[in-house]
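Shown next, in structure tokens, is the structure this report addresses.
The values are calculated or read from the model by the stated rules, or taken from the named source; none is laboratory data. Please read all numbers here as calculations on a predicted model, not as lab measurements. Cβ atoms come from the backbone with ideal geometry, glycine included; neighbour counts cover every protein chain shown.
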Amino acid sequence: MVNRTTNITGRVLRNLKNHGITTSQIQDEEVWDELSNGQDNIISEINTDKTITITLETGIDIYPLTTDAIIEDAVLRKNVGAVKAVKLPADWLPTSSDYGNVSSQSRRFDVVSNKEFIEFVNVNQTTTITHPVIGTVVGNQLKIFPAPSSSLNNVEMEFFVYLISSTQKITGVIEPELPNIWDKCLECFATAQFLNGNERQQWLSEYSAELRRLRPAQHRKHFNLQRPSVW
């Protein structure tokens, strides 16, 4: 089955052929590199976010925030800019905005800086609280405190994760992380990188126009990056 990368690469090579550049002059790997650059450029331009559901597990205090499939031995780039809790379990009760004054009945959760997290954990090592009240982003992971008790096993929490780039380069087997509505944008960006002068500007203009047309999609609740298997 032909994947998205193959389809977009084929269109880029066809575009270049129309400009007098033959496939023998351009390697697929070169196109993939420019598709990757285009994807990172788009993500930085549109302040992409992803809604993530984390399922709590007894005693587990760290959860992945990666936006790509977990591939054995793969080195993932840090691409999480910020995280915000948007939905807590229905039976969790609202409390004061001061997470430093939590009680056994508290059901608030805050994502804070690494420094604030460490300070809070150090002061509350002997806490009797059995549900997570605070978290921090470490690389592409969310570390929480305290680790959930058995009563919270399989309880779900939702977060907005704001992204600054993709996690991996696009290759023949790794498809774009952006949804397929952005394929035309990627095609235009990559095509432009192999051209000069007016021809290059033509494709960059098409890229910019497509970016402006699709930018509102980032504000729709259903707009998510691909690779949902890890959530």
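Taken over the stretch 150-174, the criterion of being within 30 Å of Thr128 (Cα to Cα) and touching a Lys or Arg at 6+ places or on another chain (Cβ under 9 Å) is satisfied by Glu156, Met157, Glu158, Phe159, Phe160, Val161.
Please go through the stretch 22-62 and give me each residue that is of a type in the set (A, V, I, L, M, F, W, C), over 19 Å from Thr191 (Cα atoms) and not in a loop (DSSP other than H, G, I, E, B), ordered by number. Can you show your working first?
Step one: of the stretch 22-62, the residues of a type in the set (A, V, I, L, M, F, W, C) are 26, 31-32, 35, 42-43, 46, 52, 54, 56, 60, 62.
Those still in the list that are over 19 Å from Thr191 (Cα atoms) too: 46, 52, 54, 56, 60, 62.
Listed by number, the residues that qualify are Ile46, Ile52, Ile54, Ile62.
The residue pairs whose first member lies in the stretch 122-148 and is within 21 Å of Pro89 (Cβ to Cβ), whose second member is assigned to a helix (DSSP H, G or I) and not hydroxyl-bearing (Ser, Thr, Tyr), and whose beta carbons are closer than 6 Å, counting only pairs six or more residues apart or on different chains, are His131/Leu152; Ile134/Phe120; Thr136/Asn114; Thr136/Phe117; Phe145/Val121.
In the stretch 109-157, of all residues being under 18 Å from Thr55 (Cβ atoms) and of a type in the set (D, E, K, R), the one that is modelled with the lowest pLDDT corresponds to Glu156.
Whenever a residue of the stretch 150-165 is part of a strand (DSSP E or B), its partners that are of a type in the set (Gly, Ala, Ser) and surrounded by fewer than 17 Cβ atoms within 10 Å (Cβ to Cβ), lying with C-beta atoms within less than 6 angstrom and at least six residues away or across chains, give the pairs Tyr162/Gly81; Tyr162/Ala82. Cβ-Cβ contacts under 9 Å between residues 6 or more apart (or on different chains), taken from a first residue in the stretch 8-33 that is aromatic (Phe, Trp, Tyr) to a second residue that is surrounded by 15 or more Cβ atoms within 10 Å (Cβ to Cβ) and assigned to a helix (DSSP H, G or I), are listed as Trp32/Thr5; Trp32/Thr9; Trp32/Ala190.
On the stretch given as the stretch 2-26, residues that are at pLDDT 95 or above, under 28 Å from the mean Cα position of the chain (by Cα) and polar (S, T, N, Q) total 4.
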